[in-house]
Amino acid sequence: MLSIIKKPSALIGALTLGLSLLSGTVQAANEQYFPLQSYRVGPYAAGGTGFFGGFIDYLQYVNLKEGGVNGVKFTWSECETEYVVEKGVECYERLKKGLNGAPAAATNPLSVGIAYATLDRSATDKLPLITINHGRTDSTDGSVFPYVFPLQLNPYSEVSAIINYIGDKSGGLDKLKGKKIVTLFHGSPYGKETNPILELLAKKYGFQVTLIEVPHPGNEQQSQWLNIRRIKPDWVILRGWGVMNPVALKTAQKTGFPADHIIGNIWSNSEEDAAPAGAAAKGFISITTHPSGTNFPVLQDIDKTVLKAGKGNLQDSKRFGTVYYNLGVVNGILNVEAVRVAQAKFGKRPLTGEEVRWGFENIKLDDARLKQLGAYGLVQPLKLSCSDHEGGGAVRFQQWDGKQWKVISDWVQADRKLLRPIIEESSHKYAKEKGITPRDCSKES
Amino acid sequence: MGATPLLELQRISLSFKGVKAITDISFTVEQGEICALIGPNGAGKSSLLNVINGVYQPDQGLIGFNGQRYQKMQSHQAAVQGIARTFQNIALFKGMSVLDNVLTGRNLKVKSSWIEQAFHIGRALADEIKQRQKAEEIIDFLRINQWRNSIVGTLPYGLQKRVELARALASEPRLLLLDEPMAGMNREEKSEMSAFILDTQREFGTTVVLIEHDIGVVMGLSDHVVVLDYGKKVGDGTPDEVRKSPEVIAAYLGTTH
Amino acid sequence: MEFFLEVLTGGLLAGLMYSLVAIGFVLIYKASGVFNFAQGSMVLFSALTFVSLLERGVPFWVSFAVTLLTMIALAWAIERVVLRPLVNRPPITLFMATLGLSYIIEGVAQAMWGAQVHGLELGISDAPLEIGGMLLSQFDLFSAATAGILVLFLSLLFNKTRIGISLRAVADDQLAALAVGIKLQRIWMIVWAVAGFVGLVAGLLWGARLGVQFSLSLVVLKALPVLIIGGFTSIGGAIVGGLIIGASEKLAEVYLGPIIGGGIENWFPYVLALLFLLVRPAGIFGERAIERV
Amino acid sequence: MIYRESGQFITSYQADHRIFKLYQQRWAFYALLGFAFVIVPFIGNDYWFSAILIPFLVLSLAGLGLNLLTGYAGQISLGSAAFMAVGAFAAYNFQVRIEGSPLLVGFVFGGVAAAIVGVIFGLPSLRIKGFYLLVSTLAAQFFVTWVLTQFGWFSNYNASGVISAPSLLILGHDFSSPAGRYLLTLGVVTVLAFFARNIVRSELGRHWMAVRDMDTAAAVIGIPILKTKLLAFAISSFLLGIAGALWAFTYLGTVEPHGFDLSRSFQILFIIIIGGMGSILGNFLGAAFIVLLPILLSNLSANFLAGVVDPGQLENLQKIIFGALIIFFLIKEPNGLARLWQLFRERARIWPLRF
């Protein structure tokens, strides 16, 4: 039954696409579609509403300001996942076919679990899976994971950059010797993922690292922080998640550990992570791949063309310019840029997922291009390739002043050369397990 | 009457948290007889049945059954030895059908393993059919055919009592313990139940120990009466002997019961 | 040694926080024999309502009063819609009904107040206090004191008032209580309302600790082992159970964690409770009924 | 016209022991099986296979597992997800560590491993009853997920602790396509449903129900309580373990321990409450309900209420609906959807001779 309904629509879609190619005229379905596996309820709703709000606002902005990319407008629809894996999969399957003939460009679930569950599917369906700032570290190796893009920053780069920053603060990486660093991590695969890298770096630079686990959800951390108090570390790296972050800050205060020596990672860096801790959060430092705030041309422009026109996606307009919102905008910029790059090669028309993938692999954002986009300082310089699906690996550091984040550093780069062999070892193991033959990237154009 | 008694209680005592429920009770039940336990409420009758089939463990004393002696009887062991019973407040499996309840009574006779049953292999089918036949015999015997597939919890009280008897009989017991089998019944139902108990004794040669308050029924039904009061034995003999015993009259028959 | 004491006191104080949630359970279990899994959602709901009112500029005590009234209304609704139709059903059925209830309450709470995280400041400093080299949290001390006052209040309520006496009668024997003319429904409603009040106090303290958000409802998972150890029917038991769980899980995490791997606080209380159960099936203070057949 | 059965008399106990006593019922059932095995693979599409049918089947199996334990044997459990996790990780390790081992043997291995863990956590059920048993099953829930995340060995030292399904090859046939995964799942679930059905109608099934309804009486008539309860835990966990393996292998293709958290256990419990405790059919009805309702609601909102109702509110609404339904079923129809279906069928049987 359903196939009877579905197939004609696909057929019509193909026909219209074919016709528009032949005649060169613009059809009604001259749109590029983004399936959005968003989450606006449940425990992680705060992140979801911000991120998807920013993403949608940017797409809207490109539509309003420039009429899309080369006349191809963007369209999207949302499907609520509640951050639950099965719902994410259901949404993926429901939306992957495109909308009203507009083909899907890429999926952006902003959820590690959903990303993992749709990883194989995205390769089969030839639909890029964008896991900005998160996801499988070894998917950085695009030769094994052609359709997965942990843009900007994978988890390994994250810790490496933090250690580099601590080194900076101590007056050079050689001064790390003998320092004591504690990592407080969420008791989950996500939390544990970077532990081996920290141990590796500890060996390399001669600092002492102690790994302390906080069981999920992390609403009770007394014993962990008493332990930290006993160790008296120079720095605490907070690899938190949800409620664990504010509780960590509160408990730190309770045990007398200074907030300005706690460094939050990429999932501990939003307003929602700091604000609930109240005064205890003041001074807390975290990494970010993009500053918060509205002081960038592109954000000013979005405010003018989208928000002021009453077309903004945020329910609470106060959240404009927050960490998650800006991440959504950055994600929008990168997705749209990929479409633009791909159109330059494949033609000014709606593209298939496979074509958009080529676009992602050939993204090249230098300072000049970023200035053009009005995103200089907001987005780090980024160059992707067949073998490198991360591209950047740099972060800036920000500090919570009790009300908002203030950027306190320039871009700090991760030691990606050191990490690459570890990533490849893991990706090759995966390839072997799944029987994948890696692409030969030297042959890719 | 056989040479060795089927059941022999020797100086049984039982207490709960220091409160004595049964004190030093001894008596014997011969093969094939119907023995009635009588006495006022709280005399320890039900507790005594519970000791016999291992629901409670006595503080001291010995239980002799079928020539064996036990300091403690476990429920499962009692069932294996051939002791079946019914309960004062009906202990049927309320969510199951009448047939299934009766079939559970045959659980010790099932020979096939659960794996055979799960895959319908080996002895499973023949076994199931055999148990079913036996169960149906009992169902016929107690005339509850028409409720065979009813869920027990939905049946009236009198019928439930009969189903419970059926479940007990399905195990082909040597000793049947009945705790107030006629409680709450009208005259007609009582005589019906009495007839079932007598038929059971005659047809299957089952020894019966029962608790009953209705003295008329007791005197008509039993071969042997034991009288309890405050956890002590105050009388033991044939119905006629007991009826004449002054202690019994004082303790029990003299009261308003 | 000093560190050991620090962990121990920290654990004991955290344990009292668990007790706060557990007390709500005990009240309801005593009066209606229901193991109320929705206690956690009630904590969430009350804290969320309170903080949302506060954020909208409603003064502290007015918010408190309004929230309390909401909890009483909730208790009334629960008695009407859930408890009354399920009277005389097996405890497991009632337990599962409270699971459904917790879903409803969580859904309503989020529909009404949204899912974002709220900070809650009760105006109690959380700066650490050093006493003889030992670290104490002012906030935890305050919570402990609150728990103490609450227990005092509840024991006064149960021992000195008419409601309390009827409640104890109901807890003892429902049929007998009915026979002497105690209105069961009314008692249930009152007890659920008091449990709602306890939930509100717990919600405020927990909310100030964690921020008011969804995972507040998860504190119920910590209260369960507390109840097992303390017994379902004793408020004193809930306090002692909380102290035992709090102290032992912290000590286990600190001293056992490094040996077998950290993050054991989630299951350790359950294993401890399980051991308790095997030794004392009715908890330390609970009474075991003799099984009658 | 629905169907008639006049003239069919059951003449032997053997015939009476059949699963479907009326030939119309049998016929309808075989037609349904035929449809599911032969027709559906041709008419279904990716979305139906991957997003609806496969999770429906896997959750039905999980519900079946829990139903044997809770609905039949009367032992309440909140640890179902943990047993699923054991099954998934055991099957995965079997596949990874033994080269070329057959897939189906891996499933069985996963089931057996889950059964062993189930028995261990079922042991306390001897001394503790009712919802006290929750403690034991919750201990299983938290302990198992902790062990699986704590020790990298279980996920073959994957940095993210995630396992990925191996290729689904059976006797050289590749079942990796959506239709293939559906057929594989359907096959496994069908076989196990028959297995479970036979058990609950056999002596062991009667033992379970006896223990559920009154365990002291069961002991008195000679039913071995320990063995009966432990078998309930073992067989229930066996089914749950295989359900876990299917969840990881044929549904998601990947899974992390966190995917089998407490909320999954709740979900499975809700399946049996809504579907019907002590019923085989009920698990399928309950699972269908729990899979379809959210999709239905979100589709409805996307198509008809777009812009009117905030999708977030819809999820809250769904939560409220689930909660309300659970309470409704507990109050009005403790035997769930299965009982409603049975009532409907009984009416249909005598229709139109009802009056």
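Numbers below:
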item	result
Selected residue (criterion: modelled with the lowest pLDDT) from residues of segment A:403-445 that are over 29 Å from residue D:101 (Cβ atoms) and acidic (Asp, Glu)	A:444
Candidate set from segment C:117-128 (those that are in contact (Cβ under 8 Å) with a residue 24 or more places away in the chain and assigned to a loop (DSSP other than H, G, I, E, B)); member that is farthest from residue C:56 (Cα to Cα)	C:124
Single unsatisfied condition, residue D:75 versus (1) assigned to a helix (DSSP H, G or I); (2) over 24 Å from residue D:155 (Cβ atoms); (3) more than 9 Å from every other protein chain (Cβ to nearest Cβ)	(1)
Residue list for segment B:103-139, filter: surrounded by fewer than 15 Cβ atoms within 10 Å (Cβ to Cβ), assigned to a helix (DSSP H, G or I) and more than 9 Å from every other protein chain (Cβ to nearest Cβ)	B:115, B:126, B:137
Filter result (among the polar types (S, T, N, Q) and part of a helix (DSSP H, G or I)) within segment D:89-108	D:93, D:95
When residues of segment A:394-445 are limited to those that are of a type in the set (A, V, I, L, M) and under 30 Å from residue A:346 (Cα atoms), the one nearest to the chain's Cα centre (by Cα)	A:431
The lone exception for residue C:83 - which of (1) more than 14 Å from chain D (Cβ to nearest Cβ); (2) assigned to a helix (DSSP H, G or I); (3) more than 19 Å from the chain's Cα centre (by Cα); (4) surrounded by 18 or more Cβ atoms within 10 Å (Cβ to Cβ) it fails	(1)
Identity of the residue in segment C:3-59, within 14 Å of chain A (Cβ to nearest Cβ) and under 24 Å from residue C:84 (Cα atoms), that ends up farthest from the chain's Cα centre (by Cα)	C:41
Any hit, segment A:270-281, residues being away from chain C (no Cβ under 14 Å) and touching a residue at least 40 places away in the same chain (Cβ under 8 Å)	no
Subset of segment A:391-425 (residues that are part of a helix (DSSP H, G or I) and in contact with a strand residue (DSSP E or B) (Cβ under 8 Å, 6 or more places away or on another chain))	A:423, A:424
Flag if residue B:100 is assigned to a helix (DSSP H, G or I), modelled with pLDDT of 90 or more and exposed (fewer than 15 other Cβ atoms within 10 Å of the Cβ)	no
Qualifying residue in segment C:102-123 (condition: more than 11 Å from chain D (Cβ to nearest Cβ), on the phi > 0 side of the Ramachandran plot and surrounded by fewer than 23 Cβ atoms within 10 Å (Cβ to Cβ))	yes
Residue identified as surrounded by fewer than 24 Cβ atoms within 10 Å (Cβ to Cβ), in a helix (DSSP H, G or I) and charged (D, E, K, R) among A:301, A:273	A:301
Failed criterion for residue C:179 (all others in (1) surrounded by fewer than 19 Cβ atoms within 10 Å (Cβ to Cβ); (2) touching a Phe, Trp or Tyr at 6+ places or on another chain (Cβ under 9 Å) hold)	(2)
All positions within segment A:148-169 that are buried (at least 24 other Cβ atoms within 10 Å of the Cβ) and of a type outside the set (A, V, I, L, M, F, W, C)	A:150, A:152, A:154, A:155, A:156, A:157, A:158, A:160
From the options D:206, D:181, residue that is within 8 Å of another protein chain (Cβ to nearest Cβ), of a type in the set (D, E, K, R) and either outside any helix (DSSP H, G or I) or more than 16 Å from the chain's Cα centre (by Cα) (or both)	D:206
Test: residue in segment B:150-164 that is of a type in the set (Asp, Glu), assigned to a helix (DSSP H, G or I) and in contact (Cβ under 8 Å) with a residue 40 or more places away in the chain	yes
Criterion: touching a strand residue (DSSP E or B) at 6+ places or on another chain (Cβ under 7 Å), crowded, with 17+ Cβ neighbours inside 10 Å, facing chain D (nearest Cβ under 9 Å) and touching a residue at least 40 places away in the same chain (Cβ under 8 Å) - qualifying residue of B:84, B:91	B:84
Residue count for segment A:228-245, restricted to those that are at negative phi, at pLDDT 90 or above and not aliphatic (A, V, I, L, M)	6
Residue within segment D:234-242 that is surrounded by fewer than 19 Cβ atoms within 10 Å (Cβ to Cβ), more than 14 Å from chain B (Cβ to nearest Cβ), touching a residue at least 24 places away in the same chain (Cβ under 8 Å) and part of a helix (DSSP H, G or I) present	no
Filtered residue count, segment D:175-213, keeping only those that are buried (at least 20 other Cβ atoms within 10 Å of the Cβ) and either closer than 24 Å to residue D:120 by Cα or among the basic types (Lys, Arg) (or both)	16
Enumeration of residues in segment B:1-34 that are more than 22 Å from residue B:71 (Cβ to Cβ) and crowded, with 22+ Cβ neighbours inside 10 Å	B:34
Scope segment D:214-223; condition assigned to a helix (DSSP H, G or I) and crowded, with 23+ Cβ neighbours inside 10 Å; matching residues	D:217, D:218, D:219, D:220
Scope segment D:316-351; condition under 17 Å from residue D:296 (Cα atoms), of a type outside the set (Val, Ile, Thr) and touching a residue at least 12 places away in the same chain (Cβ under 8 Å); matching residues	D:317, D:318, D:322, D:325
Residue A:231 being surrounded by fewer than 24 Cβ atoms within 10 Å (Cβ to Cβ) and either within 14 Å of another protein chain (Cβ to nearest Cβ) or closer than 23 Å to residue A:411 by Cβ (or both)	yes
Checklist (1) surrounded by fewer than 24 Cβ atoms within 10 Å (Cβ to Cβ); (2) within 11 Å of chain C (Cβ to nearest Cβ) applied to residue A:222, failing item	(1)
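Here is a yes/no grid of residues against (1) within 11 Å of another protein chain (Cβ to nearest Cβ); (2) surrounded by fewer than 24 Cβ atoms within 10 Å (Cβ to Cβ); (3) outside any helix (DSSP H, G or I):
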position	(1), (2), (3)
D:32	no, yes, no
D:47	yes, yes, no
D:50	yes, no, no
D:54	yes, no, no
D:64	no, no, no
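Let's see how each residue does on (1) of a type in the set (Lys, Arg); (2) closer than 26 Å to residue A:290 by Cα:
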site: A:352; (1), (2): no, no
site: A:380; (1), (2): no, yes
site: A:410; (1), (2): no, yes
site: A:417; (1), (2): yes, yes
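The values are calculated or read from the model by the stated rules, or taken from the named source; none is laboratory data. No experiment lies behind these values; they were computed from the predicted model shown. Note: ideal-geometry Cβ built from the backbone for every residue, glycine included; neighbour counts use all protein chains shown.
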